[in-house]
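This report concerns only the one structure given below.
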Amino acid sequence: MSTDVRDLAGRPVIIGGGIAGLTTALHLAPEPVLLLSRSPLGADASSAWAQGGLAASLGEDDDPALHLADTLAAGDGLCDAQAARRIVYAAPTAIEDLARLGVRFDRTPAGALRLGLEAAHSRRRIVHAGGDGSGREVMRALVAAVRSTPTIEVIEGVEARRLVVEDGRVTGVLVSFSTGPVFLATGRVVLATGGIGGLFLDSTNPLGSCGQGLALAARAGAVLADLEFIQFHPTALDGPRRPMPLISEAVRGEGAALVDETGRRFLAGVRGAELAPRDIVARAVWKHLADGHRVFLDVRERPGAAFAQHFPTIASACSKVGIDPARDLIPIRPAQHYHMGGVAVDLGGRTSVQGLWACGEIASTGLHGANRLASNSLTEAVVCARWVAESVAASPYDGGKPAVAHDLPAQDPKLVRPLLSHCLGVMRDGEGLKETARALLPLLQRHGAASDPAAVGLVFAVAALLRRESRGAHFRTDFPHHAAVARRSQITLDAAIAAARELASSPTLESVF
Ligand SMILES: Cc1cc2nc3c(=O)[nH]c(=O)nc-3n(C[C@H](O)[C@H](O)[C@H](O)COP(=O)(O)OP(=O)(O)OC[C@H]3O[C@@H](n4cnc5c(N)ncnc54)[C@H](O)[C@@H]3O)c2cc1C
């Protein structure tokens, strides 16, 4: 990098080079902005791995009102209906913007967008590119646009390790460069750090998606929302590879069946069958596996011989483990895939900390409720990025406050992964969550390499303990029913630590929760 980073101090800083960070940076132009990414742009971001595409009501038989109804139904009573309405109504324009930017969406010979079908959508409304290479194509276009925008300074290979907050407002970011720590003074930071899959043993996310942005926000005192809602995708390719290769829902949208080792379609009796909402399908697969069965996707009849042409990325992942989907059944099982919860934000991405915004998977806008409707996350990121940029641009210039940089240890989630995988999987119970909260507290307090992952795990576990009901992706075997009233949840790291301390000193769950 030729620029002296000290010359860049004072600019808004965007942390994260996925679809949310890149789109926010583009919308901020021509305001000079600094974009930090741990990996080279386009690598190690879930955005580049997205297969299905982006949901938007663009079909002739479709309407944003129908998209909204499907989103609210999948969200199981927990969506913020107003936020969801604004986002889905803005989705068609956001797709047009991407096409104008140069994204080559799949089209019919007549030039119309090809629209795919995914679970719990009542219409074909998934815009895709390169068959199942949607994320790769969107990222290609965004990266090219960012690289040719002179006001966006991109620094790759660096990691934001702490937000510095004074009197409730952001004053800068502590960043780890290969040459050592650097303090970047700024009063405006956008977190766009993606998801949390790297905190689980079985996930479809890049390993680097391990909730680091959530740790930054939590330690800055930000309010976090709906953390207990973690989505498990029902169909990850069951094998030794980590992260687990995803087999998109679009495959079931094209007619693939879920069968067990006897060939039985065990979801046939469930409403919506293979295309029921994700939480329902994931639980059914989980239960069937727990009952001793094996579970497979059968694509041999539908989509059949056209499979590899429609889904080249998935066909290639199968071929690497010796499976020919046109001939063989594909072994699958659920894996952590997406986080509905995150940093609580309004639709301008403003968090509870002054000078801190969040966008993309890390943000909790209220769109997804208890269960994300397939392909609503890329849409949410591109739609909200515009509003986040407008909000950042409208906030008064604040160059932050210089401070001395100091070293913080690199974080490693390996001690936390088994704990979270055990207690925060497809099924949870109070005892497992309590046990995990007690185990995470000392890891957090040791201030070592597991401290940030443990902090994130702790807020998850306490949020899941506090929700004494089952709803959407949060299923408690000890509270298997809906509560009478659906309420979104909010928590801070301090509150979670206080609860865990009380839990550690109290043998009974009831005294704390
Ligand atoms: C396999 C797969 C398929 C999917 N398919 C779809 C789909 O078809 N449709 C859909 O809507 N959604 C899909 N999703 C979900 C969707 O891809 C993500 O929700 C979305 O891409 C998140 O975008 P983002 O910009 O928030 O985060 P990401 O794209 O994950 O980007 C995060 C960025 O932050 C950087 N970063 C993280 N921490 C730091 C730090 N401390 N310092 C500096 N940089 C940091 C990372 O390196 C990365 O560049 C899929 C997800 C996966 C994993």
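The values are calculated or read from the model by the stated rules, or taken from the named source; none is laboratory data. Here the structure is a predicted model, which is why all the values come from computation and not from measurement. Every residue, glycine among them, receives a Cβ derived from its backbone with ideal geometry; neighbour counts consider all protein chains shown. Keep in mind that these areas ignore ligands, DNA and RNA; they rest on the heavy atoms of the full protein, side chains included. Shrake-Rupley method; radii C 1.70, N 1.55, O 1.52, S 1.80 Å.
Details
- Within segment 150-181, the set of residues being of a type in the set (S, T, N, Q) and crowded, with 19+ Cβ neighbours inside 10 Å comprises Thr171, Ser176.
- Scanning segment 172-211 for residues that are more than 9 Å from the ligand (Cβ to nearest atom) and in a loop (DSSP other than H, G, I, E, B) turns up Ser178, Thr179, Thr186, Gly187, Arg188, Ile196, Phe200, Leu201, Asp202, Leu207.
- Of Ala370, Ala385, Ala405, all but one fail to be assigned to a loop (DSSP other than H, G, I, E, B), closer than 26 Å to Gly157 by Cα and of a type in the set (A, V, I, L, M, F, W, C); the exception is Ala405.
- Selection within segment 251-265 - more than 16 Å from the ligand (Cβ to nearest atom) and either in contact (Cβ under 8 Å) with a residue 60 or more places away in the chain or outside any loop (DSSP other than H, G, I, E, B) (or both): Ala257, Leu258, Val259, Asp260
- All positions within segment 326-353 that are assigned to a loop (DSSP other than H, G, I, E, B) and surrounded by fewer than 24 Cβ atoms within 10 Å (Cβ to Cβ): Ala326, Arg327, Asp328, Leu329, Asp346, Leu347, Gly348, Ser352, Val353
- Residue check, Arg188 basic (Lys, Arg), touching a residue at least 12 places away in the same chain (Cβ under 8 Å) and either in contact with a Cys (Cβ under 8 Å, 6 or more places away or on another chain) or open to solvent by 30 Å² or more (accessible area, probe 1.4 Å) (or both): no
- Exactly one residue out of Ala268, Ala215, Ala225 is more than 12 Å from the ligand (Cβ to nearest atom) and under 28 Å from Ala160 (Cβ atoms): that is Ala225.
- Residue, farthest from the ligand (Cβ to nearest atom), within segment 38-73, restricted to residues that are of a type in the set (Ser, Thr, Tyr) and surrounded by fewer than 24 Cβ atoms within 10 Å (Cβ to Cβ): Ser57
- Residues located in segment 368-396, provided they are within 30 Å of Glu274 (Cβ to Cβ) and within 11 Å of the ligand (Cβ to nearest atom): His368, Arg372, Leu373, Ala374, Ser375, Asn376, Ser377, Leu378, Thr379, Glu380, Ala381, Val382
- Residue selected from segment 155-164 under the condition touching a Ser or Thr at 6+ places or on another chain (Cβ under 7 Å) and outside any loop (DSSP other than H, G, I, E, B), by the criterion farthest from Gln336 (Cα to Cα): Val164
- Any hit, segment 234-250, residues being in a strand (DSSP E or B), farther than 25 Å from Arg471 by Cα and within 16 Å of the ligand (Cβ to nearest atom): yes
- Within segment 277-316, the set of residues being in contact with a Leu (Cβ under 8 Å, 6 or more places away or on another chain) and crowded, with 20+ Cβ neighbours inside 10 Å comprises Pro277, Val281, Ala284, Val285, Val295, Phe296, Leu297, Ile314.
- Selection within segment 405-427 - touching a residue at least 60 places away in the same chain (Cβ under 8 Å) and of a type in the set (Lys, Arg): Arg417
- Check on Ser506, of a type outside the set (A, V, I, L, M), touching a residue at least 40 places away in the same chain (Cβ under 8 Å), more than 24 Å from Arg278 (Cα to Cα) and surrounded by fewer than 24 Cβ atoms within 10 Å (Cβ to Cβ): no
- Selection status of Gly157, within 12 Å of the ligand (Cβ to nearest atom), more than 20 Å from the chain's Cα centre (by Cα) and modelled with pLDDT under 95: no
- Residues of segment 237-265 that are within 23 Å of His474 (Cβ to Cβ) and open to solvent by 10 Å² or more (accessible area, probe 1.4 Å): Pro243, Leu246.
- Some residue of segment 380-389 being open to solvent by 50 Å² or more (accessible area, probe 1.4 Å) and in contact (Cβ under 8 Å) with a residue 12 or more places away in the chain: yes
- Residues within segment 11-55 that are assigned to a loop (DSSP other than H, G, I, E, B) and aromatic (Phe, Trp, Tyr), tallied: 0
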